[in-house]
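To keep things clear, I will list the structure first and then write my remarks on it.
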Amino acid sequence: NLKAGNTSSAHKEIERKLAFAQKRKREMETSADNKFREIKSEYHNFCNDLENQRKKLQDSIYRTQGIITTKQTTISLSQAEVKNLEKEMDALRKRWKEEVNIKITLPALNEIDMFCPACGQPLPDEKITETRNLLYEKLERKRLDTKQELTDKVTAVSEKINKAKELIKTAQGEKENYETILKEDNEKLNALSAT
């Protein structure tokens, strides 16, 4: 067109191609801007997701550490309780030996038991034997009452020891489970931190 001297047609063609190129440039810039915003948004979403996961893991770690501390406190208190209850049980066994596992001997009678308080004459043998038997029955009744009291106390203390030991066992198992969870959460957090 230029050789033919048709400058306006050539000029129009150049303007058309220039307009097309500018339009294409704007479309490409818009597309690149949109793609950039999309990638930037995905990146921010990814970072926010990572931060949310990190916070959840840290919260879980703090909670789990608190639970582990509580379980350890329960174990320690229960172990101390078992130790105290075992001391109490030893004291009960000692009392049992001293007050129940004894052979009752008839005490020697004093003058009041052997002589009539009114006239001062010696009491008949059957009266003295009756007095001795009453003393023996009183001592035996006291021994049997003590035996029942100690039996009840031993049973109660044994039940408390068993409950405390069961609590220790349960708390120990739960503590170990939470320690496993804590280890896993720490590993996940370390993996996130490396991301």
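Here are some notes:
- Residue in region 103-149 that is farthest from the chain's Cα centre (by Cα), counting only those that are in a helix (DSSP H, G or I), under 30 Å from residue 93 (Cβ atoms) and among the polar types (S, T, N, Q): 146
- Every pair of residues 6+ apart whose Cβ atoms lie under 8 Å, when the first sits in region 35-56 and is without any contact (Cβ under 8 Å) to a residue 40 or more places away in the chain while the second is open to solvent by less than 90 Å² (accessible area, probe 1.4 Å): none
- Any pair with Cβ under 8 angstrom, 6 or more apart, that starts in region 150-168 at a residue that is in contact (Cβ under 8 Å) with a residue 12 or more places away in the chain and under 11 Å from residue 92 (Cα atoms) and ends at one that is open to solvent by less than 100 Å² (accessible area, probe 1.4 Å) and among the acidic types (Asp, Glu): 150/99; 157/88
- Matching option when the condition is at pLDDT 95 or above and in contact with a Lys or Arg (Cβ under 7 Å, 6 or more places away or on another chain), among 39, 68: 68
- Residue selected from region 64-75 under the condition open to solvent by less than 70 Å² (accessible area, probe 1.4 Å) and touching a residue at least 24 places away in the same chain (Cβ under 8 Å), by the criterion nearest to the chain's Cα centre (by Cα): 71
- Within the set 113, 125, the sole residue that is open to solvent by less than 90 Å² (accessible area, probe 1.4 Å) and of a type in the set (Asp, Glu) turns out to be 113.
For (1) open to solvent by 80 Å² or more (accessible area, probe 1.4 Å); (2) not in a helix (DSSP H, G or I), each residue gets a yes or a no:
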residue: 21; (1), (2): no, no
residue: 43; (1), (2): yes, no
residue: 50; (1), (2): no, no
residue: 62; (1), (2): yes, no
residue: 78; (1), (2): no, no
residue: 82; (1), (2): no, no
residue: 88; (1), (2): yes, no
residue: 96; (1), (2): no, no
residue: 101; (1), (2): yes, yes
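The values are calculated or read from the model by the stated rules, or taken from the named source; none is laboratory data. Predicted model, so just to flag it, every value in this text is computed and none were measured. Every residue, glycine among them, receives a Cβ derived from its backbone with ideal geometry; neighbour counts consider all protein chains shown. Quick note on the areas: whole protein, heavy atoms, side chains included, nothing else; ligands and nucleic acids left out. Shrake-Rupley method; radii C 1.70, N 1.55, O 1.52, S 1.80 Å.
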